Every structure is written in C-alpha cells, then in structure tokens.
1. Taking Lys53 as the anchor, which aspartates and glutamates have their alpha carbon closer than 19 Å to its alpha carbon, excluding any fewer than eight residues away along the same chain?
2. Going through region 75-141, which GluC sites (Glu not before Pro) have at most 10 other Cβ atoms within 10 Å and a DSSP loop state?
3. For the chain, what does the helix formula give at 222 nm: sum of -39500 (n - 2.57) over DSSP H segments with n ≥ 4, over the residue count, nearest 500 deg cm²/dmol?
4. Could you point to the residue in Gly110, Gln150, Trp195 farthest towards the positive end of the chain's charge dipole, with +1 and -1 charges on the Cβ of Lys/Arg and Asp/Glu respectively?
5. Compute the whole-percent fraction of alpha carbon pairs in the chain spaced more than 35 Å apart.
6. So which trypsin sites (Lys or Arg not before Pro) in region 27-70 pass both tests, a DSSP loop state and at most 14 other Cβ atoms within 10 Å of the Cβ?
7. Which of the helices in the chain meet the span-like rule: DSSP H, Cα axial reach of 24 Å or more, Kyte-Doolittle mean at least -0.5?
8. Please give every one of the lysines within straight-line cross-link reach of Lys23, meaning a C-alpha to C-alpha distance under 26 Å, and leave out same-chain neighbours fewer than 8 residues apart.
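What follows draws every value from the coordinates through simple rules; no lab data is involved. All values reported here derive from a predicted model rather than from experimental measurement. Counting neighbours? That spans all protein chains shown, and the Cβs are built from the backbone with ideal geometry, glycine included.
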Amino acid sequence: MGNPHGKLKRNEEGEVDVVWIWKRGPVTFLEISELNWLLWEIGSVRLCETVDKWMWEGDKNGEFSVGSVRSMLRRGIDHSSTYVMKWCNWVPAKCNVFAWRAELGKILTGVALRNMNIQVEDITCQLCESRDEINEHLFVFYSFTCLIWQRVAAWCRVPALNVASVRDLLEIRNQIGLNDLAKEVFYGIVMIACWSIWRARNELIFSNKPAKVEDIFSVGSVRDPNKSFGRALIRFRGGN
Ligand SMILES: [Zn+2]
C-alpha cells in the first residue's frame, strides 16, 4: 500500500502499539465504535520474533502426542463444537466476513458494545425499541427480519425457515430439500440478507432512514451486494 493509514509496532513488553496516520480521525459513533472494536481485538495479541507454527491444543507445550489425546479423551475435553463456517464463493467477501463475525457474536450490536465496556446510551434495538439489541434478535426474531426470511422462503419456494440463531441461518440450506447448486445459491442469499439487515439498521441509526423490506429486495448499484441479491433470487428460481 502506498499510503498506509497506520502501522503496528511492538513495544518492549511485546504488546502491539498502533501508530495511526490519519487523513481524518474517526468522528461518527460508528467509526469510533469500530476503532474501539479493532483495538479490543488486537489488544490481546502478543507479537514475538519466532516463526508461526501449528500448536496442538491438548498439550501446554503445543506438541502433539498420543498420550495427550488419551488424556483429553479421559478428561472429556472436546473441541469439535467449534463451528467452521463454509465460505460462499459467489457473494462479496465482505458478506462472508460479516456472516462469519455474526456467527461469532462479533457484530457491534448495542449489547456487544456494552460487553466491551464501551459507553452506549441505549442498548435497545433501535429498529423496534422493544428488545435489547443482540444477534439473535437482529438477525432472527426481530419482526422486520422475520418478514425478510418469510419473503426469501416464499420466493425460493422452500418451507418457512425454522431458525433460532445465526448459525442455524448459515446451516438451514441443508435442511430444506435443496440440491447442491440450489444450496450454494440459497447460502449466499442468507449471507446477503444478513448483511442487508445490518446495513438497514445502520442507515436508520446513523442516517435516520427508515428500514423497509422493499429496499432490501430492490436492485442497487453495481458495487452493491443487493444487486447480486436480486440476481441470486432470480437465479435460484431459474435453477429449480
Ligand atoms: Zn428490534
């Protein structure tokens, strides 16, 4: 990059210091929260001089041995519950990354900010003002979101989506009787819908623009994932 906006430096304790080179400092609430989130994420990182290598979680030295597997089994330690999200190749990377972060609970909802000890005036969902803003509310249960999932299911001619979490949303394609191609398209539709819900939420909060289901389903500009959303819906119908 010709003109970096900052660089990471290691201080004497091995902690990461960020040296910012701003063109313009963060000012809006969103920018400041995102910066705080970034600092929070890299705050626990310790840089060292050694080369990266794989570590075995079952042993404190990181070395694999049959004995350590046996001991893990004996202690009933199981890491298989760690969710590995499949990448969806046909949707923009930002939608994949967004879905991945949403599943991990790392989207900057009101409750997530409060949990990071960031001062937030109100953690209530600004869209309906009736519940705390957490992932499941925003992406699954909020009435606006429910309408979107109903609309997606109707358009794709699949049963109503029986989901309770972001992970359920990312897996539901496997449970609604789709062939492999349709699964892949449906998967991307879910990702873009989640990203669009978040965008609608931000537009309401930061630009005072009311969230409308129609806007999510409309075809936007070229760089807009909504465009691929519209195309995907049409492609889905065509492929079935
Ligand atoms: Zn709400």
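1. Excluding near neighbours in sequence, the set is Glu63.
2. Here the sparse-neighbourhood loop sites are Glu121, Glu129.
3. -14000 deg cm²/dmol
4. Gln150
5. For the chain, the fraction of Cα-Cα distances above 35 Å is 29 percent.
6. Here the sparse-neighbourhood loop sites are Lys53, Lys60.
7. The answer, listed by residue number, is 180-207.
8. Reachable lysines: Lys7, Lys9, Lys94.
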